1. Out of 39, 26, which single residue is in contact with a Gly (Cβ under 7 Å, 6 or more places away or on another chain) and among the aliphatic types (A, V, I, L, M)?
2. If only one of 50, 45, 65 is among the β-branched types (Val, Ile, Thr) and either farther than 17 Å from residue 12 by Cβ or at pLDDT below 95 (or both), which one is it?
3. Give 101, 117, 79 a once-over and let me know the one that is small (Gly, Ala, Ser), loosely packed, with under 15 Cβ neighbours inside 10 Å and at pLDDT 95 or above.
4. Need the failing condition index for residue 25 against (1) at pLDDT below 95; (2) in contact with a strand residue (DSSP E or B) (Cβ under 8 Å, 6 or more places away or on another chain); (3) not β-branched (Val, Ile, Thr), just the number.
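The values are calculated or read from the model by the stated rules, or taken from the named source; none is laboratory data. Please read all numbers here as calculations on a predicted model, not as lab measurements. As a convention, Cβ positions derive from the backbone with ideal geometry for all residues, glycine included, and neighbour counts pool all protein chains shown.
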Amino acid sequence: MVLPDGFAACGLDGRPDNAGQARRFVGRTLDQWALPDLVADTKLVVSELVTNAVRHAVEPLRPHVGPYPLWLGLFRYPSRLMCAVSDPSPAPPRQPLADASDVGGRGLLLIGSLSDSWSWETTAPQGKTVWAAMHLPAT
């Protein structure tokens with residue numbers, strides 16, 4: 001769902017292919033908002049946010065969640081694009097110590113390097129939202 005006032009949301013069912021769905025949603029939305037310079041980095045940030053949610057917040061809870069346990073929201077402000085992923089787990093995101101031979105474990109570092117800032121907060125009645133802010137180029 002894309003609304004003209006700078007908000008777009010997408011429900012995700014918690015499957016591993018959700019990262020690809022989220023990247024396509026980001027591409028379509030940013031194309032509609034005429035933000036081509038942000039597409040590549042935002043797709044990567046959102047892909048990491050969604051992948052982390054699927055791996056760490058949904059899979060262990062799968063029997064207890066509804067049809068859309070994850071929600072991706074994009075919020076366009078005058079100088080920032082906010083990307084937010086809500087999931088059913090209250091557990092905070094954590095950055096594991098990854099060594100050079102590890103295949104994964106660097107998602108939050110990647111999010112931190114591509115965004116201006118990121119954080120998380122618990123949401124009522126359960127779960128959390130992890131978000132990242134991307135700077136909008138001056139128009």
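1. On the way: 26 fails: in contact with a Gly (Cβ under 7 Å, 6 or more places away or on another chain).
None of the others qualify; the one that does is 39.
2. Details: 50 fails: either farther than 17 Å from residue 12 by Cβ or at pLDDT below 95 (or both); 45 fails: either farther than 17 Å from residue 12 by Cβ or at pLDDT below 95 (or both).
Criteria check complete, one pass: 65.
3. 117
4. Among (1) at pLDDT below 95; (2) in contact with a strand residue (DSSP E or B) (Cβ under 8 Å, 6 or more places away or on another chain); (3) not β-branched (Val, Ile, Thr), the lone unmet condition for residue 25 is (1).
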